[in-house]
């Protein structure tokens, strides 16, 4: 799901059809029925040649719409692992573990609250081509740093990464969803299967696995899957059941539907635009309705939740809220929609990062 996934996380409208970092829109497949058993942690790529799938025919679902809760603002506050120290004038100053990092932030149209000397203490600054489509570079004003450095989230060790698309291997605003998901898994008191589409470097998958779920993690970028697998080992969660799959997210979901594979929780975090490993093109406004419908179709009879996050789109959260309510008509439960925000440490301002909508049983 990502070929450009990094960029899409910028909070700025996508330009010319790009969105995140170098990761194509999500991927990874499942084993063939006649295949030999595989290591459950093995990274797999399903490279079978398949006939083109006919466009999914969508029809409005029967039944009452789920209850609704909106707007719901999910907030991440500064902590020992991560903090938004300050923002303004098109930039943000963040603390990731031991490092202070400066990156572009198009939504920070206010003025900086901290004095210049605090910004000048940054360990890494993203510079160069900062256009939405451009590849930039990192500058290290103090000591040259390597590509990775150790980080933590709620006791889970992982690697931060300096990437050419300004991202650092984690999106801390997602912590609200991770905590909510972990609570659902632990409260279920039964085996829970989680599907993480467009999973990137795997923090959500590690949180789910630590909470006791069996996880399938799908991303179109082999590099991102490799990073996620590294994070699993670093976190000491190598014994946890996580399948790492390099494949187009939509194709994988279609195959799971045909195979009768079902999940209790589905997370999907698509880019505004992306390409799969075989050149599959993803356009969010065109393709999101069908993928949302697919996510409903691969739920277990007693599902827990489906969580959609949308970055860098020219839309209100009301649009994806209405889509989720229509898609989950007749399922009961509730659709909660709003924004993910990060609370700034310096002046307490809220920086909005993305829209979301989630159905909870």
_What distance in nm lies between label points placed 7 Å from Cα along the C-beta direction at residue 186 and residue 127?_
4.4
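Run the numbers for residue 142 and residue 164: contour at 0.36 nm per residue of separation, minus the present Cα-Cα distance, in nm. Walk me through the numbers on the way to the answer.
Values: separation 22, 0.36 × 22 = 7.92 nm, distance 1.94 nm.
Full extension from residue 142 to residue 164 adds 6.0 nm.
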*asked:* So if the hydrodynamic radius of region 61-141 is defined as the Kirkwood radius over C-alpha pairs, what does Stokes-Einstein give as its diffusion coefficient at 37 °C and 0.692 mPa s, in µm² per second?
replied: 218
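Sort the following peptides by mean Cβ neighbour count (other Cβ atoms within 10 Å, averaged over residues), highest first: 255-261, 120-126, 219-225, 239-245.
Working: 255-261: 14.3, 120-126: 18.7, 219-225: 26.7, 239-245: 20.9.
Sorting 255-261, 120-126, 219-225, 239-245 by mean packing, highest first, produces 219-225, 239-245, 120-126, 255-261.
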*Among 182-194, 199-211, 273-285, what's the highest-first ranking by average C-beta atoms within 10 angstrom per residue?*
199-211, 273-285, 182-194
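For residue 54 and residue 278, compute 0.36 nm times the residue count separating them, minus their Cα-Cα distance, and round to one decimal in nm. The partial results should precede the final answer.
Details: separation 224, 0.36 × 224 = 80.64 nm, distance 1.71 nm.
Taking residue 54 through residue 278 to full extension adds about 78.9 nm, to one decimal.
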*Using Cα centres only, tell me the gap between region 172-229 and region 246-319 in whole Å.*
15
*Calculate I(q)/I(0) for region 246-330 by the Debye formula, one identical point scatterer on each C-alpha and no solvent, and give its log10 at q = 0.12, 0.26 Å⁻¹ to two decimals.*
-0.35, -1.47
*asked:* So if the hydrodynamic radius of region 286-360 is defined as the Kirkwood radius over C-alpha pairs, what does Stokes-Einstein give as its diffusion coefficient at 10 °C and 1.306 mPa s, in µm² per second?
replied: 118
*For labels at residue 107 and residue 62 in the simple 7 Å Cα→Cβ model, what's the distance in nm?*
4.1
*Relative packing of peptides 303-309, 93-99 - highest average C-beta neighbours within 10 Å first*: 303-309, 93-99
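No lab work stands behind these numbers, since they all come straight from the coordinates. Keep in mind the model is a prediction, meaning the values are calculated, not measured. Counting neighbours? That spans all protein chains shown, and the Cβs are built from the backbone with ideal geometry, glycine included.
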